[in-house]
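Visitor: Here it is, the structure, as structure tokens.
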DNA sequence: TAGATTGTTAATCGATTAACAATC
DNA sequence: TAGATTGTTAATCGATTAACAATC
């Protein structure tokens, strides 16, 4: 299904398409044109057609796109049908937030373990029904359960220390909430979530209004 | 201080420069060249010089950049010296994580209020020492305290309902953790943090290794 | 068939990299 | 001064938009 090489910009838009198509499906909408989509997402119809065509023709001339088919196709492209397993390393507030966020599971990301330096602080806490384990159990857990992904929700220093253990244990994707830029081998994928950088960017943009905002209030109808 | 029109791509890199320069400062490093910076950030020296020059010349030929001066200059460009006030709407796990994240305050973002539909569930919780208030108190609080920013950490439906209240109350920036794309007037800035989209992107990238990863393991020394 | 809308090529725009003269 | 490294212009690359023929 994968063609040559998909531009980064396209990939980062796929989840947004997926989310919006999910909403349309829930509303019972059966077909949608690139022009319809462009109205509700912040993109031109041309860009949407261009984007989707990187993966082959999902649409039909004169008709548009079948919502359900497109939704499922994008889901497959994103690999949501693969059933990833994920652990969370760091049971602080962000870690617990990720853990209890059940929607991830619906999207094919299943949390199978949570680890913390001080598991005794979390006895009896309900994080999606999963018990918080001690960090010392991590290596054995990795060997036995081979999780695909680790969400790193610890302070920077801890994150840098844990990373080699995760890699040694075969983790192939790291969802990094720490402030550290992790250095990993080629076959490990890092996805950074730098919240304070996001907030600083907001601060900047508030003071420097530009013609076209990332998410603007404009919207033409029909 | 602001020149013509700074490219979006540059803006989104500023917080990263800022963070890295902060580390260098803590290490006591006094000067740094664009080549040094390029080695540790994932960018070419040329890009770094190009980026910084949008704001005027911070460097000196034959010497490089003064770390402290550059750090402070970028801080000013980002407006971190303005002392933003922020409220948090939604005292779920993510909301409380944001609330208790004291580093924001050091960066000039001060949390002055937390609101939740059910404040009674949060009696006695310590979120950076701020009490969780009921949603009914929000309009009056906005009038009195005029916060600059609201972090929206509620489920989508709630977020869409609260947004008009925030705008009516004079909030100029919304840090949006909900899954909704909010529609706001031109003078209000939205910064989205879509965690599940980030996770889906990770899933995709794990299965489609590309030559140049966003954060790769490569790094040449000197 | 006529109308609608895609798929796809070409044109434009923006961002990154390369190169080098200016200058500390 | 000689060496280093910026500031800045030019060249390349990539992403977006426009246009339209193909086709349902």
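Visitor: Indicate the gyration tensor shape class of the range B:56-124 (rounded, prolate or oblate), computed on the Cα atoms with a ≥ b ≥ c the square roots of the eigenvalues: a/c under 1.5 is rounded; otherwise a/b larger than b/c is prolate and the rest oblate. Display every interim value, and only then the final one.
Guide: Values: a/c = 5.00, a/b = 3.77, b/c = 1.33.
It is prolate, given that a/c is not under 1.5 and a/b is the larger ratio.
Visitor: Sticking with this one: Considering only chain A, what is the antiparallel percent among its DSSP beta bridges, to the nearest 5?
Guide: Here the share of antiparallel DSSP bridges comes out near 20 percent.
Visitor: Once you place label points 7 Å from the Cα toward the Cβ at residue B:45 and residue A:136, how far apart are they in nm?
Guide: 4.9 nm
Visitor: Place the label 7 angstrom along Cα→C-beta at residue B:168 and in each other copy, then list the distances from the first to the rest in nm, shortest first.
Guide: Distances to the matching label points in the other copies: 5.8 nm.
Visitor: Could you list B:123, B:93 in order of exposure, starting from the residue whose Cβ has the fewest other Cβ atoms within 10 Å?
Guide: Values: B:123 8, B:93 20.
Least crowded to most crowded, the residues run B:123, B:93.
Visitor: Among B:202, B:182, B:80, which one shows the biggest mean-square fluctuation in a GNM of chain B, springs joining Cα atoms closer than 10 Å?
Guide: Maximum fluctuation in the GNM of chain B, among the listed residues, is at B:202.
Visitor: Then there is this: Mind telling me which of A:210, A:38, A:12 comes out most flexible in a GNM of chain A, alpha-carbon contacts under 10 Å?
Guide: Comparing A:210, A:38, A:12 in a Gaussian network model of chain A, the most mobile one is A:210.
Visitor: Then there is this: Run through the other copies and list how far each one's label point is from that of residue A:60, in nm with one decimal, shortest first; the point sits 7 Å from Cα along Cα-Cβ.
Guide: 7.0
Visitor: Restricting attention to the alpha-carbon atoms of the range B:8-78, what are Rg (one decimal) and Dmax (integer), both in Å?
Guide: 10.8, 31
Visitor: Let me ask something additional. Using only Cα atoms and rounding to the nearest 10 degrees, what angle (0 to 90) does helix B:67-78 make with the longest principal axis of chain B?
Guide: 40 degrees
Visitor: Let me ask something else about it. Please report, for residue B:28, the nm distances (one decimal) from its label point, 7 Å out from Cα along the beta-carbon direction, to the equivalent points in the remaining copies, shortest first.
Guide: 7.1
Visitor: Sticking with this one: For the protein assembly as shown, what is the percent of antiparallel DSSP beta bridges, rounded to the nearest 5?
Guide: Roughly 20 percent of the DSSP beta bridges within the protein assembly as shown come out antiparallel.
Visitor: Looking only at other chains, what is the average number of their beta-carbon atoms within 10 angstrom of each beta-carbon in B:92-104? If you can, show how the numbers build up before the last one.
Guide: Details: counts 4, 11, 8, 2, 4, 10, 5, 1, 3, 6, 0, 5, 4.
Mean number of neighbouring Cβ atoms from other chains: 5.
Visitor: Is the shape of the range B:84-198 rounded, prolate or oblate, going by the alpha carbon gyration tensor and its root eigenvalues a ≥ b ≥ c, with a/c under 1.5 for rounded and a/b larger than b/c for prolate?
Guide: Cα axes put the range B:84-198 in the rounded bin.
Every number in this text was worked out from the coordinates using simple rules, so none of it is lab data. Predicted model only: the values in this text are computed from it and were never measured. Positions of Cβ are backbone-derived with ideal geometry, glycine not excepted, and every protein chain shown enters the neighbour counts.
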